[in-house]
Structure formats: C-alpha cells, structure tokens
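Read the structure below first, then the notes.
The values are calculated or read from the model by the stated rules, or taken from the named source; none is laboratory data. Predicted, not measured: the structure shown is a model, and the values here were computed from it. In this analysis, Cβ positions are derived from the backbone assuming ideal geometry, glycine residues included, and neighbour counts consider all displayed protein chains. The area values use the complete protein model at the heavy-atom level, side chains included, leaving out ligands, DNA and RNA. Shrake-Rupley method; radii C 1.70, N 1.55, O 1.52, S 1.80 Å.
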Amino acid sequence: MRKYQQLALVLLSVSCVVILLVYKSENNRLKYVLEVVNIFGRNDAASLIRIDNSSRLHSSPYDFDSPLPAWQRLGEGIYVYSSFWQKNELAAGGTAISIAVGLEHAVVNYKCQVQHGTGDIATGKLHFIRLDHPTGSVRTPNGEVFVVYKLLCKVTRDFGHPTEIIFTDATQSIKRYVPLRVLESRSVQQKMTMTACVDMSDYLELEDEFRVPSAVLQYFLHHQIVGVEDFIVYNSNALNGATTSLLYSHGIKINLLPYNFPFDLADKQQNRLLIEMDCLMRNYNAAKLTFVGAINEYLYPSSRLRVNNAFLKYAWKVSSDVSRFSIASRSVCIDKRKKIFSDNVLYDVDAHVVGVGAEQRPFQVYKPQDYNRTAGTPEFVKTLDVDRSMLFVHRYGGKCSSKTNLHDWTTSVQPDFLQYVTDVGRELNKLIFR
C-alpha cells in the first residue's frame with residue numbers, strides 16, 4: 001500500500017513539474033504577444049497590421065525586386081535599366097518593354113529576341129518610343145543631351161515562360177542579355193490598394209534631418225499607418241544595413257532596387273521620369289494605385305486608405321481613361337523642436353512660385369494598369385486634380401526662421417481631417433519614441 005502511495009506522489013510531482021513548464025512557456029508567449037501588440041496605450045488595429053506585415057515580409061506574392069534591375073550598356077551611348085514581358089491577351093506572343101536612355105547622338109539600331117525557360121528563342125521586331133521630359137531637354141553638366149526611350153520588342157510566338165530579352169547590336173553583332181519581369185495577370189481582388197515608390201536617387205543631397213534612421217523610419221511608418229501596403233525603394237545604397245534592419249523590425253515591406261544611373265545630371269530631379277516609368281510597369285497588375293515620392297514628401301489622406309476613404313471612392317468612380325491624379329501640396333518648414341514632421345504647422349505660401357526643383361514638380365498618384373494602356377506617353381494621359389479635402393501632400397524642408405510669408409495649414413483643414421492627421425501623429429510618436 002505504501003509503495004502505491006509513493007508512486008502516486010511521484011506521479012503527482014512529475015505532473016506538477018510538467019504543468020509548471022507548460023505554464024511558463026505559455027506565459028512567455030503571452031508576454032511576447034503583449035510586447036508586439038502593446039494593447040495598453042497603443043492603437044490595436046495599426047499594431048496588428050504591422051504584425052501581419054512582418055509575417056508576410058518574406059513571402060509576398062508580388063516580389064517587386066525580382067529580377068533586380070540595373071543600368072547596363074547596350075551599345076555606344078545607350079543604356080537599359082529594366083525590361084518587362086506583357087503577354088498578348090487574344091493572340092500568341094507579346095511585347096518585351098524596356099526602359100532605356102541614350103545620348104542624343106546615339107543610334108538605336110538593334111535586333112531583339114526573347115529567350116524562354118525552355119531554352120527556345122523567339123525572334124522579335126524592335127520599335128521604340130522616344131519620351132520627352134516634362135521640363136524639356138535632359139542634360140549632363142557638360143551640356144550633353146540624353147533621350148529617354150521605351151524599347152518595344154514584339155514577338156508573335158509562345159515558348160512558355162520568357163526569362164530574358166536579347167539585344168544584338170546590328171553593326172557589331174554583340175549580344176546583351178537583360179532579365180525580364182513577367183507582368184502576371186491578377187484579378188482586382190488580388191491587387192493591393194496603394195503602393196509607394198520611394199525616389200532616393202538624390203538622398204545624400206537632402207537636409208540632415210531626413211537622413212537619420214529615425215526620420216527614415218518615420219516616413220515609412222507614416223505611410224504604412226495611412227494605408228500604403230508595400231514600398232519600392234530606388235537606390236538601395238541610400239539605406240545602410242542598420243536602417244534596413246530597423247525598417248524590417250517594424251514590419252515595413254520594402255523592396256530595395258539599385259539605381260546606378262550612367263550619366264551625371266545637372267538636375268537630379270530629372271531622374272524622376274525614369275523612376276516613374278519603372279514604378280508604373282512594376283506595379284502593373286499588382287496595385288490599383290501607386291505614387292512616386294521623395295523621403296521628405298508625406299501623403300495625407302482624410303482617413304485610412306480603405307473602402308470608405310473619400311479619395312478611393314472618387315478614384316474608383318472616374319472613367320478608366322483617367323490614369324493620373326494631381327495632388328495639391330504645401331512646402332512646410334521644419335522646427336527642430338518638433339519630434340515628428342507632422343507636428344510642423346507653418347508652410348511657405350510663396351514656395352510654389354519659386355520655380356525650382358521639387359517646388360515646380362507636381363505630386364501625382366497613378367492607376368498603373370490604365371496608365372500603361374496609354375503607352376505611358378504624356379499626350380495620351382488624362383489627369384484630374386484632387387480636392388484638398390480628400391488628400392494632400394506636405395513637402396518638408398527648410399528652417400522656419402528663414403521664411404517670411406508663413407501660414408498655419410491647420411486653419412484650412414476640416415476638423416475630422418485634422419483629427420485623423422493628429423491621430424496618425426500620435427501613433428507615430430508612440431512607435432518611434434517608445
């Protein structure tokens with residue numbers, strides 16, 4: 001009898017130890033969840049979005065950075081950045097669309113072929129579209145003019161999955177291989193609502209306030225909170241490993257692309273046209289809306305970019321021939337005593353008439369699929385202006401102490417819109433300075 005009592009006592013002791021270990025394990029898991037979600041004193045919905053982003057960070061179906069683009073030489077004075085395969089809908093074959101740039105005197109004289117994963121090669125016919133820059137001729141510091149092209153290689157046969165476009169110099173028979181990104185067909189339900197293409201080609205020329213890791217994090221977190229779902233960063237060299245890790249740790253989905261532009265530019269803003277072209281092709285059939293912005297340009301919708309947002313309702317209502325929306329912007333000066341940029345309330349009324357750099361450039365949101373149907377040529381693109389009551393942009397820069405004609409932008413914003421901006425700022429403060 002005594003043996004059975006001792007055995008029962010041993011079993012009870014073992015059971016207690018097992019239960020204690022299970023309890024400790026579950027308690028640690030709960031503490032981890034509470035640290036991430038931070039239920040007490042944090043916006044639950046926004047935190048859960050970041051958890052979801054973290055879980056999908058390395059399993060996104062869109063894979064914007066594959067294959068990686070890079071400026072590579074095709075021939076004398078001609079360079080290509082990226083190429084995309086667009087299959088014909090009702091016939092065999094398709095078109096390989098390449099984004100290229102060349103000096104004005106360079107001759108576009110190439111043959112083209114499309115190589116497939118099976119090893120088969122389809123010979124195509126090369127056409128090109130010459131795109132004029134909105135600000136006129138694009139020049140290097142020594143006065144050379146260069147031209148932006150879309151190179152179109154049309155083929156009429158299918159051999160499976162295309163992998164590369166082959167350019168052959170017609171005079172020297174030198175072959176150049178450029179990887180193809182296939183534009184896959186997706187339903188409307190499968191597309192993201194909005195993505196952002198971040199132009200960091202002139203990142204090192206920005207003010208110091210925008211280059212510190214906390215400022216970079218603030219930009220991405222702000223746009224994530226308002227509803228931007230994915231980011232494509234042009235000029236991967238602008239973000240060091242520590243900053244990239246910081247973004248990943250906050251659940252930011254970023255795709256880093258190199259941007260080794262082959263020419264020196266007198267005005268770095270002239271890169272924007274080329275980045276827009278790649279961004280819109282890369283987002284074709286992946287996002288309903290996208291925009292190209294610099295790290296100091298903040299988009300402010302009247303509410304989170306979801307079904308009931310006023311701008312989205314407006315964008316879905318307009319006809320499909322409208323592929324671009326022009327967004328009103330303000331040039332907001334910086335008070336270094338403010339922790340986050342949205343706390344700055346003074347803007348320069350005269351900035352829009354300065355006529356230089358970013359102040360002259362409009363901020364635009366695109367419908368990528370509709371835009372690319374027009375071949376991306378400005379004369380065929382229809383643009384609508386968006387009222388400030390739905391959406392506006394703030395370009396931050398310059399010290400307020402150096403400005404004279406300053407006004408408080410909060411006095412011209414509807415109370416509910418202003419409250420949303422305040423809520424976003426409060427969430428940013430909690431995330432960055434916790």
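Hey, can you tell me all the residues within the stretch 193-215 that are buried (at least 20 other Cβ atoms within 10 Å of the Cβ) and either part of a strand (DSSP E or B) or modelled with pLDDT of 95 or more (or both)? Answer for the stretch 193-215, where residues must be buried (at least 20 other Cβ atoms within 10 Å of the Cβ) and either part of a strand (DSSP E or B) or modelled with pLDDT of 95 or more (or both): M194, T195, A196, C197, V198, D199. Would you call Q224 part of a helix (DSSP H, G or I), within 23 Å of K367 (Cβ to Cβ), modelled with pLDDT of 90 or more and polar (S, T, N, Q)? Yes; evaluated as a whole, the condition is true for this residue.
Residues in the stretch 89-135 that are loosely packed, with under 15 Cβ neighbours inside 10 Å and part of a strand (DSSP E or B): 5 in all. Does S342 count as open to solvent by less than 20 Å² (accessible area, probe 1.4 Å), assigned to a strand (DSSP E or B), among the small types (G, A, S) and touching a helix residue (DSSP H, G or I) at 6+ places or on another chain (Cβ under 7 Å)? Against the criterion (open to solvent by less than 20 Å² (accessible area, probe 1.4 Å), assigned to a strand (DSSP E or B), among the small types (G, A, S) and touching a helix residue (DSSP H, G or I) at 6+ places or on another chain (Cβ under 7 Å)), S342 does not qualify.
Counting only residues that are assigned to a helix (DSSP H, G or I), open to solvent by 50 Å² or more (accessible area, probe 1.4 Å) and either under 24 Å from N308 (Cβ atoms) or in contact with a Cys (Cβ under 7 Å, 6 or more places away or on another chain) (or both), the stretch 402-417 holds 3 of them. Residues L391, L406, L431: which one is of a type outside the set (V, I, T) and within 21 Å of the chain's Cα centre (by Cα)? Every option except L391 fails the conditions. Here A286 fulfils each of the conditions (1) in contact with a strand residue (DSSP E or B) (Cβ under 6 Å, 6 or more places away or on another chain); (2) buried (at least 20 other Cβ atoms within 10 Å of the Cβ) apart from (1). Examine the stretch 161-182 for a residue that is open to solvent by less than 30 Å² (accessible area, probe 1.4 Å), at pLDDT below 95 and among the aliphatic types (A, V, I, L, M), and state whether such a residue exists. No, the stretch 161-182 has no match at all. Among residues of the stretch 334-349 that are over 18 Å from R426 (Cα atoms), those with a beta-carbon under 7 Å from a residue that is assigned to a helix (DSSP H, G or I) and modelled with pLDDT of 90 or more at least six positions away or on a different chain give the pairs Y347/W409. Residues that are of a type in the set (A, V, I, L, M), assigned to a loop (DSSP other than H, G, I, E, B) and either open to solvent by less than 10 Å² (accessible area, probe 1.4 Å) or free of Cβ contacts under 8 Å to residues at least 40 places away in the same chain (or both) within the stretch 295-323 comprise I295, L305, V307, listed in sequence order.
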